[in-house]
Amino acid sequence: MYTSPAGVAVADMVAIGKSALGGGVHTTGANGAVAIGTDSLTALTSGASNIAIGYTTLKSLTTGSNNTAVGHEALYTSVDGSSNTAIGRKALYTFEAGADAGENTAVGSLASFSLTTGTGNASIGKSSMANATTASNNVAIGLASMGLGVVTGSENVGIGKDSMYDATSASGVVAVGTESAYNITSGSESVAIG
């Protein structure tokens with residue numbers, strides 16, 4: 001049992017590293033937090049079951065729950081997002097959709113880097129969905145898949161290096177193969193293979 005600076009007993013917390021779990025006034029709702037790395041989870045107040053491993057991971061999180069961030073500055077900006085997984089340097093770096101929003105998965109350095117309010121996305125591969133901002137319910141697998149675009153698009157699937165690379169507002173597009181639908185910027189309900 002840990003007693004926070006505010007005198008509140010908090011259970012099952014692990015902090016390793018300078019200022020890990022250090023700045024927040026923890027409440028009983030912060031149970032189960034794990035912070036390993038300098039300045040990881042420093043603002044946490046009541047978010048439960050968060051895991052932050054790496055330098056400044058989940059640094060801004062105060063009330064979000066069930067997040068996992070592994071890697072230098074992963075999920076750095078999120079204050080109250082929940083159920084997000086960010087693995088890789090600056091994965092989901094700018095995400096902040098609001099209370100209990102999220103359910104994004106980003107794996108790879110800079111994966112979903114610019115995503116701010118989009119939810120339900122899966123980006124796997126370095127720089128996959130790197131410039132997406134409000135995009136939701138997309139799947140991007142491969143190096144820079146949907147890398148430049150998909151700023152606002154939804155319900156797209158891009159599998160392969162640079163697939164749907166330039167897409168900005170496409171919806172319902174499926175692209176399979178290296179550079180498939182590379183130059184598509186908008187459009188809907190299309191399929192590109194090869």
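The values are calculated or read from the model by the stated rules, or taken from the named source; none is laboratory data. On a predicted model such as this, the values are computed, not experimentally measured, just so you know. Heavy atoms of the whole protein, side chains included, go into the accessibility calculation; ligands, DNA and RNA do not. Shrake-Rupley method; radii C 1.70, N 1.55, O 1.52, S 1.80 Å.
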Compute the semi-axes of the equivalent ellipsoid of the chain, taking the square root of 5 times each eigenvalue of the Cα gyration tensor, and list them largest first in whole Å.
35, 14, 10
Could you provide, to the nearest whole Å², the per residue accessible area of the chain with probe 1.4 Å?
39 Å²
Given H placed 1.01 Å from N in the peptide plane, which residues other than close sequence neighbours of A192 have an amide H under 5 Å from its amide H?
V174, A175, V176
Taking 2.2 N^0.38 Å as the expected size of a compact globular protein, what ratio does the Cα radius of gyration of the stretch 129-194 give against it, to two decimals?
0.86
Carbon/sulfur fraction of accessible area - the chain, other protein chains in place, 1.4 Å, %
57 percent
Extension gain (nm, one decimal) between T133 and I193, 0.36 nm per residue minus Cα-Cα
19.0 nm
In a Gaussian network model over the chain where Cα atoms closer than 10 Å are linked, find which of A101, A111, A91 has the largest mean-square fluctuation.
A101
Mind counting lysine pairs for me in the chain? Cα separation below 17 Å, and the two need to be 8 or more apart along the chain or on different chains.
4
